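Enquirer: Before I ask anything, here is the structure I am working with.
Values quoted throughout were computed directly from the atomic coordinates according to the rules given, and no laboratory measurement underlies them. On a predicted model such as this, the values are computed, not experimentally measured, just so you know. Positions of Cβ are generated from backbone atoms using ideal geometry, with glycine treated the same way; all protein chains shown enter the neighbour counts.
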Amino acid sequence: MMLNGQALSNSPEDDEDEQCVSAEQAKDARAAMASNFKDSGCKITSWNMASGNKLEMGLACINEEGKSKGKLSGVYTSTSYDLKGRLDGTHAQAGSYFIDMHMYGKRIGECH
């Protein structure tokens, strides 16, 4: 993630987060993706899955610090996803901002 063009951490590895998604959960791609945002106050507002595994997803985020909205797009398959996009928002104290996001994941095996 980048905030107003500046990295939020010193290395890409600092931004990485692992999540276990069971085969049953993965059957509902939208619900599986929504679980990525469960703690951030963000909700999926639109979901368009087109041929060629292309996904365009709208997001809206609201919490005590402010609000934002935007889109992510890219490829989503049964074994991986790679999405990029931008959220534009307003922070209660800092004013306007934008966040560039790159989300990716791949199946590496069963949950333990």
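Enquirer: So how strong a dipole does the chain carry about its Cα centre when Lys and Arg Cβ are +1 and Asp and Glu Cβ are -1, to the nearest 20 debye? Present the calculation step by step, with values, prior to reporting the outcome.
Expert: Working: 12 positive and 16 negative charges, 124 e Å.
Using only the charged Cβ atoms, the result is roughly 600 debye.
Enquirer: Right, next: What nm distance separates the two modelled labels at residue 23 and residue 80, each placed 7 Å from Cα along Cα→Cβ?
Expert: 2.1
Enquirer: So, one more: Residues with amide H under 5 Å of residue 47's amide H, sequence separation 5 or more or different chain, H placed in the peptide plane at 1.01 Å from N; which?
Expert: 58
Enquirer: What does the extension gain come out to for residue 112 and residue 64, with contour length at 0.36 nm per residue minus their alpha carbon separation?
Expert: 13.8 nm
Enquirer: Same structure again: What fraction of the DSSP beta bridges in the chain is antiparallel, stated in percent and rounded to the nearest 5?
Expert: Details: 45 of 45 bridges.
Antiparallel bridges: around 100 percent, rounded to the nearest 5.
Enquirer: Could you work out the relative contact order of the chain? I mean the mean sequence separation of Cα pairs under 8 Å and 6+ apart, divided by the number of residues, in percent.
Expert: Details: 188 pairs, mean separation 24.4, N = 112.
Across the chain, relative contact order equals 22 percent.
Enquirer: Could you work out the Kirkwood radius for the chain, taking every pair of different alpha carbons, averaging 1/r and inverting it, reported in Å? List each step's numbers first, then the result.
Expert: Numbers: mean 1/r = 0.0665 Å⁻¹.
Answer for the chain: a Kirkwood hydrodynamic radius of 15.0 Å.
Enquirer: Anyone know which of 38, 71, 54 comes out most mobile in the 10 Å Cα GNM of the chain?
Expert: 38
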